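J.: Got a structure for you, questions after.
The values are calculated or read from the model by the stated rules, or taken from the named source; none is laboratory data. Small disclaimer: the values here were computed from a predicted structure and weren't measured. All Cβ positions, even for glycine, are placed from backbone atoms using ideal geometry, and neighbour counts span all protein chains on display.
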Amino acid sequence: MNFSEYYVYYLELHKHPKTRLLHFVGQIVTIIFTVVVFYGKVWYLIPFIPFVIYPFAWSGHYFFEKNKPAAFKNPVYAKLCDWIMFKDILIRRLSIW
């Protein structure tokens, strides 16, 4: 499966607007956490940056989608898709309401 096909699959796992909202909030928290880590020079927290989103995202899958997160199948593509979906929400290609 190429990346374009995977993103279509990824969006199928994120149909509910509240799931996308939780992903969006998780990405914002990830950005804030990253800034705090680098500004505060708490370098030992750097390995945790990629995982900040998961409590937000996975709660959306558990409570609203009733499916397994894409990160279980392909974590690298899923992480890239998180950021693409974040961009698509920012430019209003996808709705979170």
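J.: Looking only at the stretch 53-60, decide whether some residue is hydrophobic (A, V, I, L, M, F, W, C), assigned to a helix (DSSP H, G or I) and more than 16 Å from Trp83 (Cα to Cα).
T.: no
J.: Of the residues that make up the stretch 12-34, is at least one at pLDDT 95 or above, among the acidic types (Asp, Glu) and out of contact with any helix residue (DSSP H, G or I) (no Cβ under 8 Å at 6 or more places or on another chain)?
T.: Yes, the stretch 12-34 contains a residue that is at pLDDT 95 or above, among the acidic types (Asp, Glu) and out of contact with any helix residue (DSSP H, G or I) (no Cβ under 8 Å at 6 or more places or on another chain).
J.: List the pairs whose first member sits in the stretch 27-40 and is within 15 Å of Tyr54 (Cα to Cα) and without any contact (Cβ under 8 Å) to a residue 60 or more places away in the chain, whose second member is of a type in the set (Asp, Glu) and surrounded by 14 or more Cβ atoms within 10 Å (Cβ to Cβ), and whose Cβ atoms are under 7 Å apart, counting only residues at least 6 apart or on separate chains?
T.: Pairs found: Gln27/Asp82.
J.: Tell me, which residue of the stretch 56-72 that is among the small types (Gly, Ala, Ser) and surrounded by 15 or more Cβ atoms within 10 Å (Cβ to Cβ) is nearest to the chain's Cα centre (by Cα)?
T.: So, considering only residues that are among the small types (Gly, Ala, Ser) and surrounded by 15 or more Cβ atoms within 10 Å (Cβ to Cβ), the one nearest to the chain's Cα centre (by Cα) is Ala57.
J.: Ok, one more. In the stretch 33-47, how many are surrounded by fewer than 11 Cβ atoms within 10 Å (Cβ to Cβ) and assigned to a helix (DSSP H, G or I)?
T.: 5
J.: Please count how many residues of the stretch 85-97 are surrounded by fewer than 16 Cβ atoms within 10 Å (Cβ to Cβ) and part of a helix (DSSP H, G or I).
T.: The number of residues fulfilling the criteria is 2.
J.: Out of all the residues in the stretch 61-94, which are modelled with pLDDT under 95 and over 21 Å from Ser4 (Cβ atoms)?
T.: Lys68
J.: Next question. Can you name every residue in the stretch 73-84 that is surrounded by 12 or more Cβ atoms within 10 Å (Cβ to Cβ) and either at positive phi or β-branched (Val, Ile, Thr) (or both)?
T.: Ile84 - this is the single residue of the stretch 73-84 that is surrounded by 12 or more Cβ atoms within 10 Å (Cβ to Cβ) and either at positive phi or β-branched (Val, Ile, Thr) (or both).
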